[in-house]
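Following: one structure in structure tokens, then a few remarks.
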Amino acid sequence: GWTTCSAGHQHWGRHGAAGLLLRTVVEDGTDHVLLQKRAWWTHHGGTWGVPGGARASWETPEQAALRELAEEVEMTVDGVIVERVHHDDHGGWSYWTVIATIATPATAKARSRETAEMRWVASQAVADLNLHPGFAATWPHLTSS
């Protein structure tokens, strides 16, 4: 369900939410990330971000992010290596971005109605997209070590 953080903003997921920022290096040596375009009818529909959603009380951020990926995206995720987790604390509600790598860019397509499109995007081109506001604010922190 929905909850409100200390800043008065509404967020989905009473126990917070998590998403997976999956990275790979393509043949030309450039870094790419897997992004999801949200369906028009969802919260911030039509924007780009990472597959993710509400975290169950018993899940770790890593478990929630991988579960959400499986629910929203049709792809094989063998060999995913979690690098780190970025914690974005909103005061009473948190979003965890699980940053992981995969050796080769697996084909990804929408599994659920929540996803309009999946695309591997060059990291340097991410900021040029119409990003989900939360992802846009966090993106600079996700690209730094």
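The values are calculated or read from the model by the stated rules, or taken from the named source; none is laboratory data. This structure is a prediction, so every number in the text was calculated from the model and none was measured. Every residue, glycine among them, receives a Cβ derived from its backbone with ideal geometry; neighbour counts consider all protein chains shown. Accessible surface areas use protein heavy atoms only, side chains included; no ligands, DNA or RNA. Shrake-Rupley method; radii C 1.70, N 1.55, O 1.52, S 1.80 Å.
Among the conditions (1) over 18 Å from residue 82 (Cα atoms); (2) open to solvent by less than 30 Å² (accessible area, probe 1.4 Å); (3) at pLDDT 85 or above, the only one that residue 11 does not satisfy is (3).
For the stretch 69-95, a residue qualifies if it is within 17 Å of residue 106 (Cα to Cα) and within 13 Å of the chain's Cα centre (by Cα), and the qualifying residues are 69, 70, 71, 72, 73. Set side by side, the residues 47, 30 differ, and just one is in contact (Cβ under 8 Å) with a residue 40 or more places away in the chain, open to solvent by less than 30 Å² (accessible area, probe 1.4 Å) and of a type outside the set (D, E, K, R), which is 47. Just so you know, in the stretch 33-44 the residues that are part of a loop (DSSP other than H, G, I, E, B) and open to solvent by 60 Å² or more (accessible area, probe 1.4 Å) include one that is nearest to residue 142 (Cα to Cα), and it is 44. Scan the stretch 18-54 for residues that are touching a Lys or Arg at 6+ places or on another chain (Cβ under 9 Å) and basic (Lys, Arg) and report the count. Within the stretch 18-54, residues that are touching a Lys or Arg at 6+ places or on another chain (Cβ under 9 Å) and basic (Lys, Arg) number 1.
For the stretch 81-107, a tally of residues being open to solvent by less than 40 Å² (accessible area, probe 1.4 Å), hydrophobic (A, V, I, L, M, F, W, C) and modelled with pLDDT of 90 or more returns 4. Here residue 20 fulfils each of the conditions (1) in contact with a Gly (Cβ under 9 Å, 6 or more places away or on another chain); (2) open to solvent by 10 Å² or more (accessible area, probe 1.4 Å) apart from (2). When the stretch 91-120 is filtered for residues that are in contact with a Gly (Cβ under 8 Å, 6 or more places away or on another chain) and among the β-branched types (Val, Ile, Thr), the ones remaining, listed by number, are 97, 98, 102.
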